[in-house]
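Participant: Before I ask anything, here is the structure I am working with.
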Amino acid sequence: MAKIKVTKVKSAINRTKNQKRTLEALGLKKIGQTVEHDASPSVLGMVSKVSHLVSVEETK
């Protein structure tokens, strides 16, 4: 399965509770923090919900 790197680029201040919880579920706390996940449908769905707060790169 492909891997993706997710980096938090914007703050979660003034965001909905669901968006804050999604960032926590992805393992992102601080701006600039990067985590690596498998590109499963559930992870891709979470990334799409907070796509305005994160940047995504595909890795091998």
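Participant: Filter the stretch 15-60 for residues that are out of contact with any Leu (no Cβ under 9 Å at 6 or more places or on another chain), outside any helix (DSSP H, G or I) and of a type in the set (Lys, Arg); which is modelled with the highest pLDDT?
Facilitator: Looking at the filtered set, the residue picked out is LYS30.
Participant: From the list LYS8, LYS60, LYS30, LYS17, which one is of a type in the set (D, E, K, R) and surrounded by 14 or more Cβ atoms within 10 Å (Cβ to Cβ)?
Facilitator: The conditions single out LYS8.
Participant: So which residues in the stretch 15-33 are small (Gly, Ala, Ser) and in contact with a Lys or Arg (Cβ under 9 Å, 6 or more places away or on another chain), if there are any at all?
Facilitator: GLY32
Participant: A further question follows. What pairs come up if the first residue lies in the stretch 23-52 and is at positive phi, the second is of a type in the set (A, V, I, L, M), and their beta carbons are under 7 Å apart, counting only those six or more places apart or on different chains?
Facilitator: Listed by first residue and then by second, the contacts come to GLY27/VAL35.
The values are calculated or read from the model by the stated rules, or taken from the named source; none is laboratory data. Keep in mind the model is a prediction, meaning the values are calculated, not measured. Positions of Cβ are generated from backbone atoms using ideal geometry, with glycine treated the same way; all protein chains shown enter the neighbour counts.
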